[in-house]
Amino acid sequence: MPHDQYTFDDPVTRYARVDPPVQHQPEPGIQAWMTPVPDLGEKTYRGTGRLAGRRALITGGDSGIGGATAIAFAREGADVVIVHLDGEQPDAEHILSEITAAGRTGAAIVADISDRARSAEIVAEAVAHLGGLDILVNNAGKQVAVQRVEDLSDEQFEATFRTNVFAPFWLIKAALPHLQPGATIINTASLEAYVPAPDRLDYAATKAAINNLSKGLAQQLAPRGIRVNVVAPGPTWTALQVSDGVSDEQMAAFDEENEYKRAGQPAEIAPAFVFLASAESSYVSGETLNVNGGMVTP
Ligand code: NAD
Ligand code: MG
């Protein structure tokens, strides 16, 4: 078991290879039922007050990268509202208990963000819980691998774009009236934004789109003192993978897709979100922070 995130050790062996048994769950997948269960930093993340008093909304904050980010934000002193789909309550309860254990206020909103009308309500509900909003993390994502473009349905293509691109756009518009100078928007791209896998055409295209949108928006919002940045994870062991995110072959070889020859854990991605949410990154906007086990990106 690694020590906290400030411990110097060999990054290659800091976490064990996952070597996952091939497993399947219906979308969106319950993290608690995975083998092995992803590491969200429950035992390791050490807060130092970097987000004291900040108020954060994290979509997909019930599990994986968003869940690890919710735990980290709370331990850094933030109150956190998470958004998740109906059915993910077992994972959401785990995150809420970690937020509460950190001494912060936590709440969960059950919503399908790909529904325009429901999406519009989320920010108002979050602001009601938090008394305002300083940090918007667009992390929820849909990824379903399809081998042949002929089999990629229009419905899936549209649903992936609605979840990964349209919903962040809607949430940003709803959040802006609440954001003061110093507030931050953090979107979630992927290594796939630059290196699209052949069986993830819709997904990879959304990640390129959100990366690009973030860089344009960062320029637009700079004069208002609102920063926009992106975290682009590489292969990370989460429920996304076991709910048809990758093929059986890719799951079996999940540790091989990076230079460390081990998959990342959500606990290793969360500190990137903390950095971009904190005032330490005050001169950083329009940036994509790649957290991918050494893979080369543009
Ligand atoms: P995850 O399954 O643990 O989290 C994704 C969450 O998205 C789900 O828990 C679910 O609550 C939410 N979600 C999906 N569709 C939704 C909808 N319509 N409405 C509301 N919520 C919805 O998986 P994760 O890997 O932690 O994913 C988090 C982000 O990281 C995603 O944007 C994903 O694309 C990105 N990412 C993941 C990897 C990886 O290897 N795991 C790599 C690069 C990028
Ligand atoms: Mg989940």
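The values are calculated or read from the model by the stated rules, or taken from the named source; none is laboratory data. Keep in mind that what you see is a predicted model, and the values were worked out from it rather than measured. Here Cβ is always computed from backbone atoms with ideal geometry, including for glycine, and neighbour counts include all displayed protein chains. Calculation scope for accessible area: heavy atoms of the full protein, side chains included, ligands and nucleic acids excluded. Shrake-Rupley method; radii C 1.70, N 1.55, O 1.52, S 1.80 Å.
Place a point 7 Å from the Cα of residue 22 along the Cα-to-Cβ direction; which residues of segment 139-171 have their backbone N under 19 Å from it? Within reach of a label on residue 22: 144-148. How high is the FRET efficiency between residue 154 and residue 247 when r is their beta carbon distance and R₀ equals 30 Å, given to the nearest 0.05? With R0 = 30 Å, the Cβ-Cβ based efficiency is 0.90. In summary, the lysines within cross-link reach of residue 207, defined as a Cα separation below 29 angstrom excluding same-chain residues under 8 places away, comprise 142, 173, 215, 261. Largest first, the residues 27, 257 sort by 1.4 Å accessible area into 27, 257.
Nearest 0.05, what FRET efficiency do residue 32 and residue 121 give at R0 = 30 Å with Cβ-Cβ as r?
Details: r = 28 Å, r/R0 = 0.92.
That gives a FRET efficiency of 0.65.
What per residue convex hull volume, in Å³, comes out for the chain when only alpha-carbon positions are used?
Working: hull volume 35.1 nm³, N = 298.
Looking at the chain, the number lands at 118 Å³ per residue.
Expressed in nm to one decimal, what extension gain is obtained for the pair residue 256 and residue 43 from 0.36 nm per residue of sequence separation less their Cα-Cα distance? Intermediate results must be reported in sequence, preceding the final value.
Working: separation 213, 0.36 × 213 = 76.68 nm, distance 2.59 nm.
So the extension gain works out to 74.1 nm.
Any idea how far the Cα center of segment 6-78 sits from the one of segment 229-298, in Å? A separation of 11 Å, based on Cα centres.
Taking 0.36 nm per residue of separation and subtracting the Cα-Cα distance, full extension of the segment from residue 201 to residue 52 would add 49.7 nm. Considering only 87, 132, 61, the mean-square fluctuation computed in a Gaussian network model of the chain, springs between alpha carbons under 10 angstrom, is largest for 87. Within segment 280-298, whose backbone N sits under 19 Å from a point 7 Å along Cα→Cβ of residue 212? Within reach of a label on residue 212, which here means backbone N under 19 Å from a point 7 Å along Cα→Cβ, segment 280-298 contributes 286-289, 297-298.
Taking the Cβ of residue 189 as the centre, find all other residues whose Cβ is under 15 Å away and add up their charges (Lys, Arg: +1; Asp, Glu: -1). Taking every Cβ under 15 Å from that of residue 189, the sum is +1.
Rolled with a 1.4 Å probe across the full set of protein chains, the surface gives residue 71 an accessible area near 0 Å². GNM remark for the chain: springs join alpha carbons under 10 Å apart, and the peak mean-square fluctuation among 115, 199, 151 falls on 151.
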